[in-house]
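Asker: To start, I am sharing the structure in question, which I have written as structure tokens.
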Protein chains: 2
Amino acid sequence: MLRLSTKGQYGVRAMYEIARGYPDEPVNIKSISRRQDVSIHYLEQILNRLRRAGLIKSVKGPGGGYLLTRPPEEISIAEILEELEGPFALTSCLNPEEGCVRVDRCVTHLLWKSLGWQIESFLRTVTLDDLLKGFKPLDYQTLLKRARV
Amino acid sequence: MLRLSTKGQYGVRAMYEIARGYPDEPVNIKSISRRQDVSIHYLEQILNRLRRAGLIKSVKGPGGGYLLTRPPEEISIAEILEELEGPFALTSCLNPEEGCVRVDRCVTHLLWKSLGWQIESFLRTVTLDDLLKGFKPLDYQTLLKRARV
DNA sequence: AAATACTTAACTATTTTTGTCAAGTATTTT
DNA sequence: AAAATACTTGACAAAAATAGTTAAGTATTT
């Protein structure tokens, strides 16, 4: 249930590897593949989307690879996942493109929407920099502070 | 991404209908099907699992149907979803039955685990009674209080 | 010119989801 | 006892999503 696809998982792990080279050491796809146990071809597919989204840029030629376009502390996990997996809509009726025909009568609509908010706001508080420093679950106090509630 | 299956969605909606009959009015499958637009056969499959899990009981014969085994305020959405979709493990490596071979090296392991906790603890604070009363997203203060942080 | 490295599109196997179908069993009412 | 109502169970199957592979490039630096 509520499973994250491998695309999202691999994408975050790849971004972690690229973040390690920030700000000026391009990380090539082969080393990401080796360190994270993901096939080069599959990574290409994933990194392509992240590049088009502007989260990373590529450097061609020998010694080339991928670089973050912004500092690790400014890139949240939510951003990465949104690019690879779309909006945080837990049900198809919450997807802006599909819509819901029974919103009015639906007793669970707000529930799933709230859960989506919870997930999204949590993931917005976690950045690549947190992963670099060795992510530890944050206590509620810190979470609240970061979420500016 | 992170999509809830229809089984989980329909299950919660069916439980809502059954909760409306609490404590002594059995709700038959046909009326759940009609009110929630879900096929009878599919509902049978879902209600069967919930019954085996002890969340509901069935009454046979004319006038029969399904009844909650506990008051609506004691049955959380988390309980229902766990029965229908398994544990809140966002990645297969977090599933107790599968396990993870690279926990030590995995930089995202704790992240997904924390997210799972967030989701689960949120859903534990929402009960069928909340749905009956018309669920409104709770503010953080109330959430914290309910979660006994 | 050669080596390194990224780019893109098309394709496919596998798995999961979302149901349906069929053949029951159990209980109550008349 | 018979009929009606209602739940019970397991097997099966179509459709969609996921997870990846293959192939044929293009771009840049040394």
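Just so it is clear, none of the values below were taken in a lab; they were calculated from the coordinates. A quick note: this is a predicted structure, and the numbers were derived from the prediction, not measured. Virtual Cβ from ideal backbone geometry, glycine too; neighbours counted across all protein chains shown.
Every residue, every condition in (1) surrounded by fewer than 16 Cβ atoms within 10 Å (Cβ to Cβ); (2) under 13 Å from B:P72 (Cα atoms); (3) near DNA strand D (Cβ under 10 Å from one of its atoms), yes or no:
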position	(1), (2), (3)
B:S5	yes, no, no
B:Y10	no, no, no
B:I18	no, yes, yes
B:G21	no, yes, no
B:P26	no, no, yes
B:K30	yes, no, yes
B:S33	no, no, yes
B:Y42	yes, no, yes
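Asker: Moving to a separate point now. Quick one: would you say B:L84 is over 22 Å from B:Q118 (Cα atoms) and either near DNA strand D (Cβ under 10 Å from one of its atoms) or touching a helix residue (DSSP H, G or I) at 6+ places or on another chain (Cβ under 8 Å) (or both)?
Answerer: no
Asker: Tell me whether segment B:89-97 contains one or more residues that are outside any helix (DSSP H, G or I), within 30 Å of A:L131 (Cα to Cα) and more than 14 Å from DNA strand C (Cβ to nearest atom).
Answerer: Among the residues of segment B:89-97, at least one is outside any helix (DSSP H, G or I), within 30 Å of A:L131 (Cα to Cα) and more than 14 Å from DNA strand C (Cβ to nearest atom), which makes the answer yes.
Asker: Right, next: Among the numbered conditions (1) farther than 20 Å from A:V103 by Cβ; (2) assigned to a loop (DSSP other than H, G, I, E, B), tell me where B:I46 comes up short.
Answerer: Of (1) farther than 20 Å from A:V103 by Cβ; (2) assigned to a loop (DSSP other than H, G, I, E, B), only one is false for B:I46: (2).
Asker: OK, next. When the residues of segment A:88-106 are filtered to those that are free of Cβ contacts under 8 Å to residues at least 12 places away in the same chain and touching an Asp or Glu at 6+ places or on another chain (Cβ under 9 Å), which remaining residue is nearest to B:Q9 (Cα to Cα)?
Answerer: A:S92
Asker: Mind checking which residues of segment A:50-80 are in a helix (DSSP H, G or I) and either in contact with a Cys (Cβ under 6 Å, 6 or more places away or on another chain) or within 12 Å of DNA strand D (Cβ to nearest atom) (or both)?
Answerer: Once the filter is applied, which keeps residues that are in a helix (DSSP H, G or I) and either in contact with a Cys (Cβ under 6 Å, 6 or more places away or on another chain) or within 12 Å of DNA strand D (Cβ to nearest atom) (or both), segment A:50-80 yields nothing.
Asker: Select from segment A:64-117 the residues that are in contact with a strand residue (DSSP E or B) (Cβ under 9 Å, 6 or more places away or on another chain) and facing another protein chain (nearest Cβ under 8 Å) and list them in ascending order.
Answerer: A:I77
Asker: Within segment A:44-85, count every residue that is surrounded by fewer than 19 Cβ atoms within 10 Å (Cβ to Cβ), within 15 Å of DNA strand C (Cβ to nearest atom), closer than 18 Å to B:L2 by Cβ and without any contact (Cβ under 8 Å) to a residue 60 or more places away in the chain.
Answerer: Qualifying residue count for the region: 1.
Asker: While we're looking at this one, here's another question. Give the number of residues within segment B:31-43 that are under 21 Å from B:L132 (Cβ atoms), outside any loop (DSSP other than H, G, I, E, B) and within 13 Å of DNA strand C (Cβ to nearest atom).
Answerer: Result for segment B:31-43: 3.
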